[in-house]
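The structure appears below as structure tokens.
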């Protein structure tokens with residue numbers, strides 16, 4: 001009966017039962033059937049349930065918890081600051097903005113405190129920009145593969161999205177200008193420092209052209225710089241070139257921890273009142289407690305050391321994964337927390353993803369980053385994130401399991417062929 005329900009042969013089911021019995025997970029009783037062994041090691045053996053997370057784009061926890069712990073201890077002795085964060089502050093707290101402005105200056109981003117608006121994650125910043133810059137039915141442009149949260153925000157605002165093809169340098173500028181002429185979009189959403197998910201880095205020439213087109217066709221730019229980028233690959237934002245046309249969004253999610261929900265926007269002066277009022281309408285005010293904690297460690301040496309540790313760990317993981325790919329003649333574009341793996345034609349991304357899932361290995365297929373209304377051809381790629389393991393030992397184990405799965409999948413493919 002089980003074989004019929006699953007649509008497989010009776011021999012396959014029999015072999016599966018034999019394997020389960022050999023592992024001590026079930027017990028066969030003559031004339032009565034097969035029963036799960038309640039004392040089986042399935043409840044104790046970690047390997048049977050261990051998940052290898054190559055899907056979550058986040059930093060490994062290498063000391064960020066101590067930054068927050070020390071900040072909490074420091075705050076506990078500062079009753080004046082505790083009272084300050086307990087009060088309503090719809091526009092944020094000025095001292096927080098000044099500290100963030102000073103920290104941004106260390107990254108060569110010049111701004112003033114009044115240009116900074118805090119948001120509860122960059123997702124709220126995206127939604128707010130769409131809400132104030134466009135109206136229902138307007139056209140907005142985005143990269144052909146993009147952060148899925150953008151599509152949700154666009155749908156919530158009832159906007160028409162148009163995907164712009166990507167090249168190795170960023171957007172296809174010919175298509176971009178064509179769409180500007182044809183659809184008169186209100187804004188363009190881009191991730192130029194390290195494109196999510198493809199890891200493409202926009203060239204300076206590309207950014208200069210986008211800036212000129214923004215002025216020529218009067219569309220605004222949402223520059224999302226949330227994705228983690230190693231210092232040697234990071235560039236000064238486009239916002240610094242045309243601050244009156246760019247809404248720059250970033251956060252500490254990929255650099256410290258997503259649960260802090262500390263994000264910020266650099267907003268053009270002409271739009272600051274509208275931006276702040278829109279945030280106010282959504283949540284009355286952004287919680288100031290998390291920002292208070294963050295501003296207590298942003299300029300500290302302990303934070304710099306923590307970021308150095310994270311940088312070194314991500315360089316190691318990127319190189320380790322690249323060595324694995326070379327070993328198997330696979331090509332990828334690496335950067336930050338993620339690997340963008342282009343699969344050969346004999347490996348179907350969706351089939352491989354399903355096979356990996358059976359091995360408790362999680363990755364992301366390229367189609368998850370595509371608009372539901374996309375008209376462009378699908379790409380046979382995976383986004384593989386390297387930060388979902390808190391220790392190097394766990395990462396190495398995950399990489400070993402990934403390699404075993406790849407080899408087993410290829411062996412099965414050969415049998416089919």
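The values are calculated or read from the model by the stated rules, or taken from the named source; none is laboratory data. Computed from a prediction, not measured in an experiment: that's the story for all the values here. Here the Cβ positions follow ideal geometry from the backbone for every residue, glycine too, while neighbour counts run over all protein chains shown.
Can you find a residue that is under 14 Å from residue 123 (Cβ atoms) and assigned to a loop (DSSP other than H, G, I, E, B) anywhere in the stretch 275-292? Looking for residues that are under 14 Å from residue 123 (Cβ atoms) and assigned to a loop (DSSP other than H, G, I, E, B), one finds at least one in the stretch 275-292, hence yes.
Residue 242 meets the conditions (1) in a loop (DSSP other than H, G, I, E, B); (2) over 28 Å from residue 162 (Cβ atoms); (3) over 24 Å from the mean Cα position of the chain (by Cα) in every case but one. The failed one is (2). Out of 184, 201, one residue alone is in contact (Cβ under 8 Å) with a residue 40 or more places away in the chain, farther than 18 Å from residue 121 by Cα, crowded, with 17+ Cβ neighbours inside 10 Å and over 15 Å from the mean Cα position of the chain (by Cα). It is 201. Within the stretch 122-142, the residues that satisfy the criterion of being touching a strand residue (DSSP E or B) at 6+ places or on another chain (Cβ under 8 Å), surrounded by fewer than 20 Cβ atoms within 10 Å (Cβ to Cβ) and touching a residue at least 40 places away in the same chain (Cβ under 8 Å) are 138, 139. When 116, 162, 93 are checked against the criterion of being modelled with pLDDT of 95 or more and within 30 Å of residue 305 (Cβ to Cβ), 116 stands alone in meeting it. For the stretch 38-56: of the residues being modelled with pLDDT under 75 and surrounded by 15 or more Cβ atoms within 10 Å (Cβ to Cβ), which is farthest from residue 353 (Cα to Cα)? Going through the qualifying residues, I end up with 40. Among the conditions (1) out of contact with any helix residue (DSSP H, G or I) (no Cβ under 8 Å at 6 or more places or on another chain); (2) assigned to a helix (DSSP H, G or I); (3) within 20 Å of residue 149 (Cβ to Cβ), residue 340 misses just one, which is (2). For the stretch 314-331, the tally of residues that are under 14 Å from residue 407 (Cα atoms) and touching a strand residue (DSSP E or B) at 6+ places or on another chain (Cβ under 9 Å) stands at 2. Screening the candidates 402, 389 for the property of being surrounded by 12 or more Cβ atoms within 10 Å (Cβ to Cβ), part of a loop (DSSP other than H, G, I, E, B) and within 23 Å of the chain's Cα centre (by Cα) yields one hit, 389. Taken across the stretch 218-231, residues that are in contact with a strand residue (DSSP E or B) (Cβ under 6 Å, 6 or more places away or on another chain), more than 21 Å from residue 199 (Cβ to Cβ) and in contact (Cβ under 8 Å) with a residue 12 or more places away in the chain do occur, with at least one present. For the stretch 143-172, the set of residues classified as in contact with a strand residue (DSSP E or B) (Cβ under 8 Å, 6 or more places away or on another chain) and not in a strand (DSSP E or B) consists of 144, 146, 147, 150, 151, 154, 159, 165, 172, listed by residue number.
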